[in-house]
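*Asks:* So that we are looking at the same thing, I have put the structure below in structure tokens.
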Amino acid sequence: MEKSDILSLVKLTRSGLVLLKLPFDKSPAVVDIVSQIFQSLESGILKSPLWCNRILPIQGTCCLDEKELKKIVTKLVEQFMNNRQETGDTVKFAVGYNRRGIEETEMKNLRNTSSDPDIFALLDRNKCFSVVAAAVKEVVPDSIVDLKDPEICVLVEVLPLSGVPDRTAIVGVSVLPRALVTTKPRLCIKALVSDTKETNKKKR
């Protein structure tokens, strides 16, 4: 086989995370790939992974800026609705936001040292939620928030990238079907192994 340079590893500042990047012009349907992995695990074709807990299929990245975030969410929601198979009139959605690697103390220091008070406004969870919700409603005006059983799940993940300039934050955005997420105790991508403790008991 010829050597492939499609996948490249991105350096992160937090341990326990691996970020793989695909070139824009060669990016496959990452949501479909993760969906197929879950189907293979459930059918027994694949064994449960030992060293990987979750796979988040990031569909796009942008700076944590209101205009950029709204633009990418709008684009991804439009794609979701174009491929929508359900026929219900009311679309239910939920928003998940993970500031992994951005601690409260770091946020306070960044706000105090930044000359622009709006640079880190979206690090506030409620502000980010309102921007994403506005983008969803722009595409689907009659949509409503449903945290228990959403049809559309918008996940925004702050990426702890190495080498990013100060006062800059990059986020990964995913618009996923309910089959790939769990809503308890919070909205997030489903774990590849549903219950580690139960699995260990069965092995014994």
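Okay, residues lined up against (1) buried (at least 17 other Cβ atoms within 10 Å of the Cβ); (2) more than 21 Å from residue 148 (Cα to Cα):
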site: 59; (1), (2): yes, yes
site: 78; (1), (2): no, yes
site: 83; (1), (2): no, yes
site: 87; (1), (2): no, no
site: 91; (1), (2): yes, no
site: 94; (1), (2): yes, no
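*Asks:* Let me ask something else. Please work out which residue is surrounded by the most Cβ atoms within 10 Å (Cβ to Cβ), limiting yourself to the stretch 180-194 and to residues that are more than 15 Å from residue 146 (Cα to Cα) and at pLDDT 85 or above. Spell out the reasoning first.
*Replies:* At the first step, the residues of the stretch 180-194 found to be more than 15 Å from residue 146 (Cα to Cα) are 180, 189-194.
From what's left, at pLDDT 85 or above: 180, 189-192.
Details: 180: 19, 189: 21, 190: 16, 191: 14, 192: 16.
Here the residue is 189.
*Asks:* Scan 77, 34 and give me the residue that is of a type outside the set (Ser, Thr, Tyr) and touching a strand residue (DSSP E or B) at 6+ places or on another chain (Cβ under 7 Å). Quick ask: steps written out before the conclusion?
*Replies:* Working: 34 fails: touching a strand residue (DSSP E or B) at 6+ places or on another chain (Cβ under 7 Å).
Just a single option satisfies the conditions, and that option is 77.
*Asks:* What's the number of the only condition in (1) assigned to a loop (DSSP other than H, G, I, E, B); (2) at pLDDT below 80; (3) surrounded by fewer than 16 Cβ atoms within 10 Å (Cβ to Cβ) that residue 25 fails to meet?
*Replies:* Condition not satisfied by residue 25: (1).
Conditions tested, residue by residue: (1) in a strand (DSSP E or B); (2) at pLDDT below 95; (3) within 18 Å of residue 142 (Cα to Cα); (4) touching a helix residue (DSSP H, G or I) at 6+ places or on another chain (Cβ under 9 Å).
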{"site": "48", "(1), (2), (3), (4)": "no, yes, no, yes"}
{"site": "71", "(1), (2), (3), (4)": "no, no, no, yes"}
{"site": "74", "(1), (2), (3), (4)": "no, no, yes, yes"}
{"site": "89", "(1), (2), (3), (4)": "no, yes, yes, no"}
{"site": "95", "(1), (2), (3), (4)": "yes, no, yes, yes"}
{"site": "112", "(1), (2), (3), (4)": "no, yes, no, no"}
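*Asks:* Residue 138 - would you say it is acidic (Asp, Glu), modelled with pLDDT of 65 or more and part of a strand (DSSP E or B)?
*Replies:* no
*Asks:* So, in the stretch 114-135, how many residues would count as being modelled with pLDDT under 75 and either of a type in the set (D, E, K, R) or surrounded by 10 or more Cβ atoms within 10 Å (Cβ to Cβ) (or both)? Spell out the reasoning first.
*Replies:* Taking the stretch 114-135 as the starting set, the residues that turn out to be modelled with pLDDT under 75 are 114-123.
In the following step, the residues that additionally are either of a type in the set (D, E, K, R) or surrounded by 10 or more Cβ atoms within 10 Å (Cβ to Cβ) (or both) were identified as 114, 116, 118-123.
Residues flagged as modelled with pLDDT under 75 and either of a type in the set (D, E, K, R) or surrounded by 10 or more Cβ atoms within 10 Å (Cβ to Cβ) (or both) within the stretch 114-135 amount to 8.
*Asks:* Any residue at all in the stretch 44-53 that is closer than 16 Å to residue 181 by Cβ, surrounded by 10 or more Cβ atoms within 10 Å (Cβ to Cβ) and in contact with a strand residue (DSSP E or B) (Cβ under 7 Å, 6 or more places away or on another chain)? I'd like the intermediate steps shown before the answer.
*Replies:* We begin by selecting, within the stretch 44-53, every residue closer than 16 Å to residue 181 by Cβ; these are 53.
Narrowing further to those that are surrounded by 10 or more Cβ atoms within 10 Å (Cβ to Cβ): 53.
Narrowing further to those that are in contact with a strand residue (DSSP E or B) (Cβ under 7 Å, 6 or more places away or on another chain): none.
No, because not a single residue in the stretch 44-53 is closer than 16 Å to residue 181 by Cβ, surrounded by 10 or more Cβ atoms within 10 Å (Cβ to Cβ) and in contact with a strand residue (DSSP E or B) (Cβ under 7 Å, 6 or more places away or on another chain).
*Asks:* Continuing with the same structure: Looking at (1) loosely packed, with under 14 Cβ neighbours inside 10 Å; (2) within 17 Å of the chain's Cα centre (by Cα), can you tell me which one residue 15 breaks?
*Replies:* Of everything listed in (1) loosely packed, with under 14 Cβ neighbours inside 10 Å; (2) within 17 Å of the chain's Cα centre (by Cα), residue 15 misses just condition (2).
The values are calculated or read from the model by the stated rules, or taken from the named source; none is laboratory data. Not measured: the values here are computed from a predicted model. Cβ sites come from the backbone with ideal geometry, for glycine too, and all protein chains shown count toward neighbours.
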